[in-house]
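Let me begin by presenting the structure, written as structure tokens, before commenting on it.
The values are calculated or read from the model by the stated rules, or taken from the named source; none is laboratory data. Not measured: the values here are computed from a predicted model. For neighbour counting, all protein chains shown are included, and Cβ atoms are generated from backbone atoms with ideal geometry for every residue, glycine included.
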Amino acid sequence: MTGTVLRALGGVYEVQTEAGALEATIRGRVKREERREDKVVVGDEVDLEPTGDSGWAISRVHPRRSALVRRAPGKAPRPKTIVANVDQVVIVFAVAHPAPHLRMLDRFLVLCEANGLEPLIVANKTDLLPPDEVDALFAPYRSAGYPILTTAAKQGIGIAELRDAICNRTSALAGPSGVGKSSLLNAVQPGLGLRVASISEAAQKGRHTTVTAQLIPLDCGGYVADTPGLRELGLWGIEPEELAHYFPEFQPYLGMCRFGTGCTHTHEPACAVQKGVHEGAIHPDRYDSYRRLFAGEDEEDLM
């Protein structure tokens, strides 16, 4: 029997199959397989076999067609797969309460570009700021060509548009804690009853309510993966010389520098990318994010 992993907790996996949702553990041979990333994650397609105690075990994990992967927290470098087999990543940031940390948004976008995933930026809680301030916050991303959806979950603003964007697809809903991801899902599909986050007034940080990723079947078709709120987002598997290709607004300038493909776009003379910044075609904040990422700066406790 084949199914899709909906959630995992304590070595037990809930798998959606044609026969319904079943609980399964992992066969020993799957555990022993050499695999750099997590063996079984939410979104994986798996084969199930019956066990002797009327239960089920995962006997095979199908190759992943896509994955959202970050560097695992901690000193030892290793990958952490957040969710597998998604079509798009819906990146949710609040415009206020908590204030958006746009360098973290830049990291999400680089991860999407590097993993070949379509990003959709959702600016939530837009009822907390005047429209012109919201537009100014996300103008660099709109000019870079990214789709942006403005929402306010409590007021129902943008909910129909968000529903249209995720129906009949498999989407990962990602972003920091407290930005309203679960509230948006509750509004898109009433009756889910997902717990929503409260915000620390002192630190303006969301409290984690989704502690593990879970894949939620949508009544309108498809799935959405509700992922835990992230306080840090380390890049994984991205070489510095590749980074410029993951900033879409850089594309018209790549290869046009004096030093050609050897240009790092950070300090060299006659750099076309830097010229694009000076001429206003590339937003300086986006370029600053590029330089920080190129230098390998870690952004601990981003939100």
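Key figures
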| item | result |
| --- | --- |
| Residue in segment 161-176 that is among the basic types (K, R), touching a helix residue (DSSP H, G or I) at 6+ places or on another chain (Cβ under 6 Å), over 22 Å from F247 (Cα atoms) and surrounded by fewer than 22 Cβ atoms within 10 Å (Cβ to Cβ) present | yes |
| Criterion: assigned to a strand (DSSP E or B) and either modelled with pLDDT under 95 or within 23 Å of G43 (Cα to Cα) (or both) - qualifying residue of V86, V122 | V122 |
| Qualifying residue in segment 58-71 (condition: in contact with a Pro (Cβ under 8 Å, 6 or more places away or on another chain), aliphatic (A, V, I, L, M), closer than 24 Å to I216 by Cβ and at pLDDT below 95) | yes |
| Test: residue in segment 86-94 that is surrounded by 15 or more Cβ atoms within 10 Å (Cβ to Cβ) and without any contact (Cβ under 8 Å) to a residue 60 or more places away in the chain | no |
| Of all residues making up segment 125-158, the number that are part of a helix (DSSP H, G or I) and of a type outside the set (A, V, I, L, M) | 11 |
| Residue within segment 161-172 that is within 15 Å of the chain's Cα centre (by Cα) and closer than 30 Å to F294 by Cα present | yes |
| Pairs where the first residue, in segment 127-138, is outside the structural domain of H283 (by TED's automatic domain parsing) and closer than 13 Å to A94 by Cα and the second is polar (S, T, N, Q) and surrounded by 12 or more Cβ atoms within 10 Å (Cβ to Cβ), C-beta under 6 Å, 6+ apart | D127/Q155; V134/T126 |
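Here is a yes/no grid of residues against (1) at pLDDT 95 or above; (2) outside any strand (DSSP E or B); (3) over 26 Å from T4 (Cβ atoms):
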position: A160; (1), (2), (3): yes, yes, yes
position: D164; (1), (2), (3): yes, yes, no
position: L173; (1), (2), (3): no, no, no
position: L185; (1), (2), (3): no, yes, no
position: Q204; (1), (2), (3): no, yes, yes
position: V211; (1), (2), (3): no, yes, no
position: D219; (1), (2), (3): no, yes, no
